[in-house]
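**Student:** What follows is a structure written as structure tokens; I'll ask about it next.
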Amino acid sequence: MYLSRLILNPRNRQVRSELACPYEMHRTLAHAFVEEYADERVLYRVDVERRTGVPTVLVQSLTEPDWSVLPHDRYLLEPAGSKSFALGLSQGQLLSFRLRANPVKRENQSRQRQGLLQEEDQRAWLDRQGERCGFQVVRCHVIPEGLQEFLRRSHGDERKVTLLSVRFEGLLQVTDPDALSTAVSDGIGPAKAFGFGLLSLARA
């Protein structure tokens, strides 16, 4: 897999537009991958430096991207960086983690997704993801980011999208290395095209 780091220019008009509508950012990032891999799972997360307000985008992909396709009119503050990585997970291993997620549940009757607004429910959602994805949460800091609302434009139509954003940061223990490797590759939870689901791992 490959991990890329893009430091965006917050004064760039296109950057501001894509931060307001994350699906447009997803479409811009997808241009960096050759046509035969256009449908591969590309995960990304926007982290904004609190002091300066500069947004950094982490992009995870199965194939190596070509960031030369990005706009040249000061879209980036510095050249894009990209490197390959392998997880090498082992059972019982302790790892620091960061995940920006869209924790939801499906209503029984409508089957529509509803955001989980209470921290207790959000923690329970993450625990369920861990059971399925090969990890157990040891400790976790829950950071609410509120609701994101934007218009998604597709094939000439517009529809309003509302997504709940929550950051989880803490420590996890690997219970199933293969399942966790798959979860890192595929992402966790819904709304991956909108900047959710990228699970970042590091040595504890």
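The values are calculated or read from the model by the stated rules, or taken from the named source; none is laboratory data. The shown structure was predicted, so the numbers you read here are calculated from the model rather than taken from an experiment. Positions of Cβ are backbone-derived with ideal geometry, glycine not excepted, and every protein chain shown enters the neighbour counts. To get the accessible areas, we keep the full protein, side chains included, count just its heavy atoms, and leave off ligands, DNA and RNA. Shrake-Rupley method; radii C 1.70, N 1.55, O 1.52, S 1.80 Å.
**Student:** Please check: in the Gaussian network model of the chain (C-alpha springs, under 10 Å), which one of SER82, SER17, SER61 has the largest mean-square fluctuation.
**Tutor:** SER17
**Student:** With every protein chain kept in the model, how would you rank THR182, THR28 by accessible area, 1.4 Å probe, largest at the top? Each step should come with its number before you reach the end.
**Tutor:** Details: THR182 75, THR28 15 Å².
Output order, biggest surface exposure first: THR182, THR28.
**Student:** Whenever you get a sec, compute what percent of the accessible area on the chain sits on carbon and sulfur atoms (1.4 Å probe). Can you show the working numbers first?
**Tutor:** Details: 5190 of 11800 Å².
For the chain, the apolar C and S fraction of the accessible surface comes to 44 percent.
**Student:** If you don't mind, another one. For segment 1-93, compute the orientation-averaged projected area of the C-alpha convex hull (one quarter of its surface), in nm².
**Tutor:** Working: hull surface 29.6 nm².
Result: a mean projected hull area of 7.4 nm².
**Student:** Here is a follow-up. When the Cα centres of segment 138-184 and segment 25-93 are compared, how far apart do they sit, in Å?
**Tutor:** For segment 138-184 versus segment 25-93, the Cα centre distance is 16 Å.
**Student:** Next question, about the same structure. Can you tell me which lysines have their Cα less than 26 Å from the Cα of LYS83? Leave out same-chain residues fewer than eight positions away.
**Tutor:** LYS192
**Student:** Under a 1.4 Å probe, what is the accessible area of segment 1-101 per residue, stated in Å²? Write out the running numbers ahead of the final one.
**Tutor:** Values: 5860 Å² over 101 residues.
Result: 58 Å² per residue.
**Student:** Another question, if that's okay. For ALA86, what charge total do you get from the other residues with a beta carbon under 15 Å from its beta carbon, if Lys and Arg give +1 and Asp and Glu give -1? Before the final figure, lay out the partial values.
**Tutor:** Details: positive: LYS83, ARG203; negative: GLU64, ASP178.
For residues surrounding ALA86, the net value is 0.
**Student:** Mean residue ellipticity at 222 nm from the helices of the chain, using -39,500 (n - 2.57) per DSSP H segment of n ≥ 4 over the full residue count, to the nearest 500 deg cm²/dmol?
**Tutor:** On the way: 4 runs with 42 residues, N = 204.
The helix-only estimate for the chain comes to -6000 deg cm²/dmol at 222 nm.
**Student:** Would you mind telling me which residue in GLY187, GLY146, GLY170 has the biggest mean-square fluctuation in a Gaussian network model of the chain, where springs connect alpha carbons within a distance under 10 angstrom?
**Tutor:** Most flexible of the set in this elastic network: GLY146.
**Student:** I want the local charge near PRO144. Using Cβ-Cβ distances under 9 Å, sum +1 for each Lys or Arg and -1 for each Asp or Glu among the other residues.
**Tutor:** On the way: positive: ARG167; negative: GLU119, GLU145.
Summing Lys/Arg as +1 and Asp/Glu as -1 gives -1.
**Student:** Looking only at GLY130, GLY115, GLY53, which one moves most when the chain is put into a Gaussian network model with springs between Cα atoms under 10 Å?
**Tutor:** Of GLY130, GLY115, GLY53, the Gaussian network model singles out GLY53 as fluctuating most.
**Student:** Which of the GluC sites (Glu not before Pro) found in segment 104-204 are in a DSSP loop and have at most 13 neighbouring Cβ atoms, other than their own, within 10 Å?
**Tutor:** Working: sites: GLU107, GLU119, GLU120, GLU131, GLU145, GLU149, GLU158, GLU169; in loops: GLU107.
Sites meeting the loop and neighbour criteria: GLU107.
**Student:** Normalised by the number of residues in segment 44-85, what is the relative contact order in percent for Cα pairs under 8 Å and 6+ residues apart? Numbers along the way, then the final one.
**Tutor:** Details: 23 pairs, mean separation 11.3, N = 42.
So the answer I get is 27 percent.
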